[in-house]
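Here the structure comes first, spelled out in structure tokens, and everything after it is commentary.
The values are calculated or read from the model by the stated rules, or taken from the named source; none is laboratory data. This is a predicted model, so every value here is computed, not measured. Neighbour counts run over all protein chains shown; Cβ positions are idealised from the backbone, glycine included. The area values use the complete protein model at the heavy-atom level, side chains included, leaving out ligands, DNA and RNA. Shrake-Rupley method; radii C 1.70, N 1.55, O 1.52, S 1.80 Å.
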Amino acid sequence: WPGLVVLAVFAIVQLSLSQWRRADTCLFVGVSLVGFVLDSTYVQLGLMQFQAAVPWPGLSPVWMVALWASFALTLNHSLAFLQGRPVLAAVLGAIGAPAAYWAAASGWHALAFPLGLAPMLGATATAWALLMPLLSHASLRLRSLDATAKYSLLQAKP
């Protein structure tokens with residue numbers, strides 16, 4: 001539960017300082033939902049088992065959704081260099097995500113892979129090779145819509 005407090009503080013600070021507040025808010029909600037569905041699918045398929053499956057046994061736990069939400073707030077900022085670079089985004093996703101899941105399993109024992117390491121690494125590498133370019137494109141698109149909305153508001157003021 002302390003992680004949720006940290007997420008709340010991070011989100012408040014990030015959103016208050018962001019020049020793309022609407023885009024970041026959309027990403028925060030959307031990516032959290034995508035992450036919940038993806039990790040819950042892994043659990044349901046038997047590829048992943050969370051050690052602290054709170055509050056939903058058999059689904060992605062709230063602390064994992066918080067990590068997804070935190071990740072979402074990096075897409076327009078520290079990960080903005082991936083926007084417009086789908087191949088780089090796919091490579092980073094295919095390598096980084098499986099490494100993060102493996103580290104969480106081996107270092108912190110936060111999750112286990114009931115069907116073995118190889119199926120889980122393969123599933124996450126494939127999913128993230130597809131997901132990361134889509135998220136990068138969505139963040140760029142939302143950012144441009146946010147900028148267009150701000151420009152329209154500025155033009156409408158007398």
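Step by step: find N for the range 1-56, compute 2.2 N^0.38 Å, then divide the Cα radius of gyration by it. What's the final number? Please list the in-between numbers first.
Details: Rg = 14.2 Å, N = 56, 2.2 N^0.38 = 10.2 Å.
Compared with the compact-globule rule of thumb, the range 1-56 sits at 1.39.
Taking only protein heavy atoms and a 1.4 Å probe, what accessible area per residue, in Å², does the chain have with all protein chains in place?
Details: 8690 Å² over 158 residues.
For the chain, the solvent-accessible area averages 55 Å² per residue.
Apply the Karplus parameterisation 6.51 cos²θ - 1.76 cosθ + 1.60, with θ equal to phi minus 60°, to every residue of the range 90-106 and state each ³J(HN,Hα) to the nearest whole Hz, in sequence, with x for glycine and proline.
Values, residue by residue: 5, 5, 4, x, 5, 9, x, 5, x, 5, 5, 5, 4, 5, 5, 7, 7 Hz.
Charges only on Cβ, +1 for Lys and Arg, -1 for Asp and Glu: so what's the dipole of the chain about the Cα centre, in debye to the nearest 20? Please report the intermediate quantities before stating the final value.
Numbers: 7 positive and 3 negative charges, 109 e Å.
Its charge dipole is roughly 520 debye.
From the phi of every residue in the range 117-133, what ³J(HN,Hα) in whole Hz does the Karplus formula 6.51 cos²θ - 1.76 cosθ + 1.60 yield, where θ is phi - 60° and glycine or proline is x?
Running phi through 6.51 cos²θ - 1.76 cosθ + 1.60 with θ = phi - 60° gives 5, 4, x, 5, 4, x, 5, 5, 4, 5, 4, 6, 5, 8, 6, 4, x Hz.
Keeping the other protein chains in place, figure out the carbon and sulfur percent of the accessible area of the chain, with a 1.4 Å probe.
Numbers: 6560 of 8690 Å².
Carbon-and-sulfur percentage of accessible area, whole number: 75.
Please give the contour-minus-distance gain from Val13 to Val54: 0.36 nm per residue of separation, less the Cα-Cα distance, rounded to one decimal in nm.
Extra length from Val13 to Val54 when fully extended: 12.1 nm.
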